[in-house]
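The values are calculated or read from the model by the stated rules, or taken from the named source; none is laboratory data. If you're wondering where the values come from, they're calculated on a predicted model, not measured in any experiment. Here the Cβ is made from the backbone with ideal geometry for all residues, glycine too, and neighbour counts use every protein chain on show.
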Amino acid sequence: MDRIGDIGLFLRVLDLGSISAAARSMDLSVAVASQRLQRLERDLGVRLLHRTTRRLHATPEGAILAEQGRALVEDLDALGSSLRQAGSGISGTLRLTTSSSFGRLYISPLLPEFMAIHPGLKLSFTMTDNVLDLVSAGFDLAIRIGTLDDSTLVARKLASNRRLLCASPEYLSRRGTPRTPQDLASHDCLVLVGSQGRQDVWHIGDGAGGEIAVRVRGPIEANSGELLSDAALAGLGIALHSTWHVCAALRKGQLVPVLADYPLAESGIYAVMPQRRLVPPRVRAFVDFLAERFGENPPWERLA
């Protein structure tokens, strides 16, 4: 158990970048923390850390310990939590991250119900459109939308992410309604600039099971989906959005689908977790809760 605790301290040093910060977070003196790290290096017979002018870094051996030891520490923590909570309610702090728009529209409204079910649980949210490293940032869970490329994470699909092209009736009255994907080349299209660059090539179904790639352009590009939906509502162009983002405007007729006979490929909405053999009860409870509330017929599809 001492060694597991020392490995946990070593991981905290890597996450926070210094022995002093790790010691403070674990309510230890710097001297005691340093002694425990030296004991771990002595027991393993390797050097785990080297120091640069600004930060501590793992040696190659330390990197191996960090990768494999983190799973051991997390599994032990999860096992302890499961045993402690077998006869009581779920407690602790659930640390999660989600995109700003989806979190505000669909996660935030569910929190009162979830907290009423688990009053002993605390939630720590980070709302950002940036894709954060769950392990190094210490997150238990992320809600991510799109396609998943990171094979080091475990994902559970919560719902499908249907996407569509849409515009305001005023824009279509003024500029005409596209009849084919190729018509988009002569329209004002609103372009998202995300972490993967300018998304100015739209991949649209051809109506026969294939796909057409159309390069689009327009008067506005932005890294904010909120800004682009506002621009579409203002009649400034055609936008590509997930239905969860614009379902209220679709229901009110403020936006209407464009090229509905040429559907876009669906992606997914996922709960993403670091790889571990045992999922902490607080994480499992929240993921199960979201999966039940979203399901096969999520609220944004019922509104659209």
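Picking from residues in the range 63-98 that are of a type in the set (S, T, N, Q) and under 26 Å from GLY17 (Cα atoms), the one that is modelled with the lowest pLDDT is GLN68.
Based on what the data block shows, is THR126 modelled with pLDDT of 90 or more, closer than 30 Å to GLY92 by Cα and polar (S, T, N, Q)? Judged against the criteria, THR126 is a match. Of all residues in the range 183-209, those satisfying the criterion of being in contact (Cβ under 8 Å) with a residue 12 or more places away in the chain, of a type in the set (Gly, Ala, Ser) and in a loop (DSSP other than H, G, I, E, B) are SER195, GLY207. When each of GLY218, GLY205, GLY209, GLY235 is tested for being surrounded by 16 or more Cβ atoms within 10 Å (Cβ to Cβ) and under 27 Å from GLU296 (Cβ atoms), the lone residue that passes is GLY205.
Residues in the range 1-57 that are more than 22 Å from ALA71 (Cα to Cα), touching a Ser or Thr at 6+ places or on another chain (Cβ under 6 Å) and at pLDDT 85 or above: VAL30 only.
Would you call SER168 of a type in the set (Ser, Thr, Tyr), over 24 Å from THR97 (Cβ atoms) and surrounded by 15 or more Cβ atoms within 10 Å (Cβ to Cβ)? It is true that SER168 is of a type in the set (Ser, Thr, Tyr), over 24 Å from THR97 (Cβ atoms) and surrounded by 15 or more Cβ atoms within 10 Å (Cβ to Cβ).
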